[in-house]
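> Submitted below is the structure of interest, expressed as structure tokens.
The values are calculated or read from the model by the stated rules, or taken from the named source; none is laboratory data. Being a predicted model, the structure only gives us computed values, none of them experimental. Neighbour counts are summed over all protein chains in view; Cβ atoms, including those assigned to glycine, are modelled from backbone coordinates with ideal geometry. In case anyone asks, the SASA skips ligands and DNA or RNA and just uses the protein heavy atoms, side chains included. Shrake-Rupley method; radii C 1.70, N 1.55, O 1.52, S 1.80 Å.
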Amino acid sequence: VSDQKPLGCWSVKHGQIITCPVVCNFETHEYIAVHDDKVLRIWKNKDINLDKVFKATLSADVYRIHSLSNGGPVVLFKGGGVRTLDVLLEAPQQEIENIISDEVIKWSEAFMEGQQPVLIFATEKDGDFFVYVQKLKMNSLHKYKLEQQELSKPLSFTAYIKNQMITLLCLYSNDAVYKVLIPLQQNTEEEEQILSKSLLLNLSVSGSVLKGTSFAVLDKDHIAVLGSLAASGEEPKECLTIWNTKFQTLQTSKELPLGTSGQLWCYEEKFFFTHGKVLTVIMYKCETSSLAAAVGKLKDSQTPDVSSFVNWNTLGDEELVVSFQSQQSVALKSESKMTLRSKRNAVAKVQPDTVSVGQLLLNLKDAPTTVFEEELRQLMSKAQMPDFQATIGCVITALINRCKTNPKYYPRNFLLQIVQTRDLSYSLCPDLMAVALEKKDVHLLQICLQRFPDIPEEITYACLKVFLSISEAYLQRIDVNLESVICYIDIEFNNKEVKTEIVENGFNAEREQDIWDTKITKETHLTADGEFCPVGPQKAALLNAVLHSAYSETFLLPHLKNLPAQQAVLFLRYLYYLYVKCSEKINTTLPGIRSPTINQIMDWMCLLLDAHFTVMVMLPEAKQLLSNLHKFVRAQVRFYSELNKIEGSLRELQRLNHQKDPHTYSIEVLELI
């Protein structure tokens, strides 16, 4: 989430529906999903196609799978039956008992109490609500009935276990949260007990009422509620609120103008919820509950608009020098300390002096350029771990903000120096590459592509499009790192041949006008079979940086389909050129620093053909290229097929040679059948 980078994507077949949330088995590092209510799928990260992973058809419909870190996954069926995953996989078609008859499950959760897995779920029937507590190892099940509340009903549940006591919290439609206590140790065999409830919190403040949709427990004195805050005579506004249940006060709140799905998750001091079309992650820190904190007397006097409980800059429009974009997570600890993401995906805690860094940058906002840059250089030189990464991120953000306010200002050399000498990431300075794209600073983009591990596919595609569109004449005038191409491209300028490499099979370069860029360059670059490199060394080096950038095929392909046809053909010609060059080598490896690998070349060729195959077939200028590519691949397939046929004989020959005395001279004739 901190990298804004998708790590995996799997799809079921058309017509199939995933019917309960997918979970991770922490013991085996596998994913578990259920589609069409009864079909269980289990797979690992390396698996690509769900059709080829483990499949089991169960005898009853699954409601939910709960994954416990120490107890393994637990499967709850819609009829109320419960099985551990291990027991279920021993006999997938085993009969599952129906416990709840006509009741409908509304909520469920699983816990570990010592070494004992405990499952609790709530059901509804004809307006009555029931709670079931299942201890798996003891195979004991207790059923309770919730005390009815006049003219209201439960909307959402959450629970936690402490000291052998289950605390069940219920969010009711009358805008109140109730608490129900259920002892885990039950000696009575009574079939159904009535659970009494006590009022925990009224969701109203200053005449406004919060219509909650979901909520989460933060600690013993705080809960977070997601819902619509409605004041008299005003339109309801969706917001996330944090309440102090001990003192019955609203701790802090934030309006969510883009809307939410109504779902709120809380995990390891982070909120997760959808805001508009993005997943928003907000960190928080619970302080010891006190009356002063409840009424807001512990706020930092220097930052009166920021709650000491949680920082809302994630959702704000203000461009603070130490805040991320709206999609990314920001935390503010109780002393107003920012936390920012480092390259290793760890959130480094910023020391108290980072606040002075932010203040310094604000003071420099209107300073002259020379003073501004000199102060930033001094700030970087003084930065110490563990707040070093955060300080560098602040410096880059300050530079980018000045670029935005003053279009004539662009500290290219300063930015290059920072990116080349510091371990940065895209998520630490997300606006940097956007500004570089706007300025067409291809050298900075090249360095970012080589050094940033978390560049979004949209930005990778934007870089590719810019690189393909810029003329060769322009590229010859600017500084580009040629380390990745200088060892394998053979260049001929104005009939003067320059060999940059002695190839293993040898070839003669001939001058030929590049038909893809006739207005720009007179260079030619030739492979062993006479195929010219369609781009100059500068453009080739830039394209190599794109090939090295990490991506997810699912998220890159939609962007790649927008690439203009002529640029797509040019890029495919260059990939074909690299493919042929790799095939000249015995180890299929191009020489040089950061040169593309054969796998990267093949993956991008497949991606490009997937995105533009119909266009390629229709374009006359691509016909010969596709034909050559087809012939070359077919020849390689035949060659490797022939090698496979004699693989066994070659291994046998190798075995025989090892058995014989190497000092004995002999001539043998071996017949390969």
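> Suppose we filter Phe247, Phe215 for residues that are over 18 Å from Lys145 (Cβ atoms) and open to solvent by less than 40 Å² (accessible area, probe 1.4 Å); which single one remains?
Being over 18 Å from Lys145 (Cβ atoms) and open to solvent by less than 40 Å² (accessible area, probe 1.4 Å) holds for just one of Phe247, Phe215, which is Phe215.
> Provide a single number: the residues in the stretch 414-440 that are closer than 11 Å to Cys463 by Cβ, touching a residue at least 24 places away in the same chain (Cβ under 8 Å) and open to solvent by less than 10 Å² (accessible area, probe 1.4 Å).
Total satisfying the criteria: 1.
> When you scan the stretch 88-114, how many residues do you find that are touching a residue at least 40 places away in the same chain (Cβ under 8 Å) and not hydrophobic (A, V, I, L, M, F, W, C)?
The number of residues fulfilling the criteria is 5.
> Take the conditions without any contact (Cβ under 8 Å) to a residue 40 or more places away in the chain, part of a strand (DSSP E or B), more than 30 Å from Met165 (Cβ to Cβ) and open to solvent by 40 Å² or more (accessible area, probe 1.4 Å) and apply them to Lys13. Does it pass?
Here the answer is no, as Lys13 does not meet what is asked.
> Against the definition (farther than 26 Å from Pro537 by Cβ and surrounded by 20 or more Cβ atoms within 10 Å (Cβ to Cβ)), how does Ser484 come out, yes or no?
Spelling it out, it is not the case that Ser484 is farther than 26 Å from Pro537 by Cβ and surrounded by 20 or more Cβ atoms within 10 Å (Cβ to Cβ).
> Let me ask something additional. Would the stretch 119-135 turn up any residue that is free of Cβ contacts under 8 Å to residues at least 24 places away in the same chain and within 20 Å of Lys246 (Cα to Cα)?
no
> Read through the list (1) at pLDDT 80 or above; (2) of a type in the set (Lys, Arg); (3) over 19 Å from Phe157 (Cα atoms), then give the number of the only condition that Lys220 fails.
Going through the list (1) at pLDDT 80 or above; (2) of a type in the set (Lys, Arg); (3) over 19 Å from Phe157 (Cα atoms), Lys220 breaks only (3).
> Among the listed residues Tyr640, Tyr576, which satisfies the condition of being open to solvent by less than 20 Å² (accessible area, probe 1.4 Å) and out of contact with any Ser or Thr (no Cβ under 7 Å at 6 or more places or on another chain)?
Answer to the selection: Tyr576.
> Then there's this: Filter the stretch 140-183 down to the residues that are outside any strand (DSSP E or B), charged (D, E, K, R) and under 12 Å from Lys197 (Cα atoms) and list them by number.
Result: Glu147, single match.
> Can you confirm whether Leu542 is out of contact with any strand residue (DSSP E or B) (no Cβ under 7 Å at 6 or more places or on another chain), within 20 Å of Pro456 (Cβ to Cβ) and either part of a loop (DSSP other than H, G, I, E, B) or of a type in the set (Gly, Ala, Ser) (or both)?
For Leu542, the condition - out of contact with any strand residue (DSSP E or B) (no Cβ under 7 Å at 6 or more places or on another chain), within 20 Å of Pro456 (Cβ to Cβ) and either part of a loop (DSSP other than H, G, I, E, B) or of a type in the set (Gly, Ala, Ser) (or both) - is not met.
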